[in-house]
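A short write-up of the structure that comes next.
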Amino acid sequence: MSEKRMLIVDAEVIKKIDDNRGEMGRSDFISFLIDSHLKEAPEAEPQEYVSKAEFQEFERGMKELLRNFLEFFLSYGLELGDQPQDKAFNELTQKLQSFGAKAKKN
């Protein structure tokens, strides 16, 4: 037999307990709530933020996607016979090369 103690709580809390305990006694219901709350693993809660590793993987994927898009865009333009030699083309080429160098480093 377990030792019994008195717990003083607000009347509003008792009303919430009584409204939700069904056929269980107050003491059993409170024990059930405490046990079920303590058994929950902290890892079971949804993760609100991404980890550093997840973000870095996302960043690598986005850079790779952008690099592939730029490669496609430039090669498609060159296949059509367009050989632009203006400032915008040179900037795109430099960006593509810098993304390629950064992707290889990671």
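Summary table
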| read-out | value |
| --- | --- |
| Among (1) at pLDDT below 85; (2) loosely packed, with under 11 Cβ neighbours inside 10 Å; (3) in a helix (DSSP H, G or I); (4) under 25 Å from the mean Cα position of the chain (by Cα), the one test that Tyr76 misses | (4) |
| Options Ser36, Ser31: the member that is in a helix (DSSP H, G or I), at pLDDT below 85, within 30 Å of Met6 (Cα to Cα) and out of contact with any strand residue (DSSP E or B) (no Cβ under 6 Å at 6 or more places or on another chain) | Ser36 |
| Any hit, segment 10-20, residues being modelled with pLDDT of 70 or more, surrounded by 11 or more Cβ atoms within 10 Å (Cβ to Cβ), assigned to a helix (DSSP H, G or I) and touching a Leu at 6+ places or on another chain (Cβ under 9 Å) | yes |
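The values are calculated or read from the model by the stated rules, or taken from the named source; none is laboratory data. Quick caveat: nothing in here was measured; it's all calculated off a predicted structure. Cβ sites come from the backbone with ideal geometry, for glycine too, and all protein chains shown count toward neighbours.
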